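Okay, structure first, notes after.
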Amino acid sequence: TEERIERLKGPNGPKFAVMVTGAAGFVGMHTAIALKKLGMTPIGYDNVNEYYSIDLKESRIEELKKRGIDFVRGDVCDVAKLKETIQKHNITRFIHLAAQAGVRYSLDHPLEYTRNNVDCTVNILEVMVELGLKNDPLVYASSSSVYGNNVKTPFQETDRVEDPASLYAATKRSDELIAHTYFNLHNITSIGLRFFTVYGPYGRYVDAAAAARASCPTLFTH
């Protein structure tokens, strides 16, 4: 709510340290910048892999540094590095956006998806349990791909999502189920965001090309 955001902003209120995984990505960079504008202290965390242009990712990292946002090169599956970063920066909030994206790529690289999207998500939840960081929800990236072969439109959060059309979708649905399980086991609340394709400054060129080809987009609001 706006009232709660005002309490978080300062200048005299608490300024929480927030880990943003996947901060070298498009959504991650803009999320970290938005948190900084709110008066919080974002810490970017990303392994800067070679799935797409490293130069583009480095340019996003430079944008973070220009705004005084700390950036750590690390893998969410590296538990030691993850804990070290959390403790060094006194992090108490998490926005987990790091993932292996892409539907087509999952056809030829399935193990990268189970590792990066499932194993690493379990890692961050386990670290939250171990360090006692359970007072605030984990915000994490799911995907609109979880709707799979659902033919009903517009999609709704209440739709059944038990018929994935790709391994990528299956790993993202697994994240949702795992997050729910950690609530049952450890009382960690979470918020999963089912992203559709997004465009904007510092987006990937393939996304920009797709946007240019879209002659008549339809907007659904709920």
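The values are calculated or read from the model by the stated rules, or taken from the named source; none is laboratory data. Everything numeric here is computed off the predicted structure, so don't read it as measured data. Protein only, heavy atoms only, side chains kept; ligands, DNA and RNA dropped before computing areas. Shrake-Rupley method; radii C 1.70, N 1.55, O 1.52, S 1.80 Å.
Helices of the chain meeting both criteria, an alpha-carbon length of 20 angstrom or more along the long axis and an average Kyte-Doolittle score not below -1.0, with helices taken as full DSSP H segments, are 167-186.
Of 188, 54, the order by accessible heavy-atom surface (1.4 Å probe, DNA, RNA and ligands excluded), from most exposed downward, is 54, 188. Calculate I(q)/I(0) for the chain by the Debye formula, one identical point scatterer on each C-alpha and no solvent, and give its log10 at q = 0.08 Å⁻¹ to two decimals. Debye curve over Cα of the chain, log10 I(q)/I(0) at q = 0.08 Å⁻¹: -0.29.
By accessible area, using a 1.4 Å probe on protein heavy atoms only, the chain has 53% of its surface on carbon and sulfur.
Solvent-accessible surface of the stretch 15-132, taken per residue with a 1.4 Å probe and all protein chains present: 45 Å². The GNM of the chain, with springs linking C-alpha atoms under 10 angstrom apart, assigns the highest mean-square fluctuation among 22, 39, 192 to 39.
The alpha-carbon of residue 65 sits under 25 angstrom from the alpha-carbons of these lysines, leaving out residues fewer than 8 places away in its chain: 9, 15, 36, 37, 57, 81, 83, 88. Taking all Cα pairs closer than 8 Å and separated by 6 or more residues, the relative contact order of the chain comes to 17 percent.
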